[in-house]
Amino acid sequence: MQTSYTYRQVKQPLPRTLAELLPPRLRTAIERQASADHTEEIRLHANREATLTVAGENRPLGITLTAQEMQALLRAMCEGSLYAYGESINRGFLTLSDGIRVGVCGTAAVEGGRVIGVRQISGLMIRIPHRTEASVDRITQMIFGTDTLRGTLIYAPPGVGKTTLLRRVAEEVAAPVHGVRTVVVDTRDELGYGLDDPRLTLDVLIGYPHDLGIEIAVRSLGAELIICDEIGSESEAAAILAASNCGVPLVASAHAKSLPELLRRPAIHALHRAKAFDFYTGLSRQNKRFEFTFTTQAEADNGNGI
């Protein structure tokens, strides 16, 4: 089952917090390149040309930052204290205000199989969240399609728009017309961006690991529906299965180019066998047009030989 919609981003300038951090020449180049579109990602590399992602297209900016400028920018993002953000940087990212996530690339110091520090920062990938007017009516119809709420796993390659789609679903199911008690498990402090309408029946757990956040949502917050991003580990699968056994469905996302690829992943395969998700939602993108592909649990079994 397939349906499509035109993806309409709400045009926004660079978030003020980020604009004030960037070197002026870089900010000017970004604003020139993205004059008619929304900036999705900014990729900065020490001594290599910076690029901008707009409407899924990578555009060179003609700007190169030195290693010293990269280090200074990271320090500014950490409000002058790399130590305060050390644990997050060791995990490969940090989160700024307004849901901006920055991937951090550098040289790791490893001890006992654990990253204890990152030096010689060579890359910063800045992902800027945005609001969209995209319709998610077809997904919510599937979620509300029976007497009980149904869960779905949204899959797509990185950068296609899974997180944005999850935000829109959260807005819809927690809106007064439905009033579903919804808990968003926002591990990296980006999924909850823009979910600030006081009418939403919504709680956001920020910074919690997925497995712990899911457990709290079920046991302490009375969730009727849980939403989380980028699942795939065995501990996450165990928490999702426990929630499912308590009658609480999940709307979650995972990286995969196709459903067979998704279901080959051990943790996802285990969830599929346990029928933790009622249907799967494939997301693909061509320029500003997105397409959904819906596959039920039974169809996944029949079509993929599982």
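Numbers below:
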read-out: Given (1) modelled with pLDDT under 90; (2) in contact with a strand residue (DSSP E or B) (Cβ under 8 Å, 6 or more places away or on another chain), number of the condition Ser81 does not satisfy; value: (2)
read-out: Residue in the range 177-189 that is surrounded by 21 or more Cβ atoms within 10 Å (Cβ to Cβ), touching a residue at least 12 places away in the same chain (Cβ under 8 Å) and either assigned to a helix (DSSP H, G or I) or among the charged types (D, E, K, R) (or both) present; value: yes
read-out: Gly56 vs. criteria touching an Asp or Glu at 6+ places or on another chain (Cβ under 8 Å) and open to solvent by 40 Å² or more (accessible area, probe 1.4 Å); value: yes
read-out: Members of the range 66-116 that are of a type in the set (A, V, I, L, M) and in contact (Cβ under 8 Å) with a residue 60 or more places away in the chain; value: Leu96, Ile100
read-out: Qualifying residue in the range 110-129 (condition: in contact with a Gly (Cβ under 6 Å, 6 or more places away or on another chain) and of a type in the set (Ser, Thr, Tyr)); value: yes
read-out: Residue that is most open to solvent (accessible area, probe 1.4 Å), among those in the range 157-176 that are in a loop (DSSP other than H, G, I, E, B) and without any contact (Cβ under 8 Å) to a residue 60 or more places away in the chain; value: Pro176
read-out: Output for the range 68-91, where each listed residue is crowded, with 17+ Cβ neighbours inside 10 Å and more than 13 Å from Gly106 (Cα to Cα); value: Leu73, Met77, Cys78, Leu82, Tyr85, Ser88
read-out: Test: residue in the range 286-303 that is aromatic (Phe, Trp, Tyr), open to solvent by less than 60 Å² (accessible area, probe 1.4 Å) and at pLDDT 95 or above; value: no
read-out: Number of the exception - Thr146 against (1) open to solvent by less than 50 Å² (accessible area, probe 1.4 Å); (2) modelled with pLDDT under 85; value: (1)
read-out: Near pairs, Cβ below 7 angstrom, 6+ apart or cross-chain, from the range 194-221 (among the small types (Gly, Ala, Ser)) to any residue that is exposed (fewer than 15 other Cβ atoms within 10 Å of the Cβ); value: none
read-out: Asp203 vs. criteria over 19 Å from Leu149 (Cα atoms) and in contact with a helix residue (DSSP H, G or I) (Cβ under 8 Å, 6 or more places away or on another chain); value: no
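The values are calculated or read from the model by the stated rules, or taken from the named source; none is laboratory data. In this text, all values refer to a predicted model and were calculated from it rather than measured experimentally. Please note: Cβ atoms are built from the backbone with ideal geometry, for glycine as well, and neighbour counts cover all protein chains shown. In case anyone asks, the SASA skips ligands and DNA or RNA and just uses the protein heavy atoms, side chains included. Shrake-Rupley method; radii C 1.70, N 1.55, O 1.52, S 1.80 Å.
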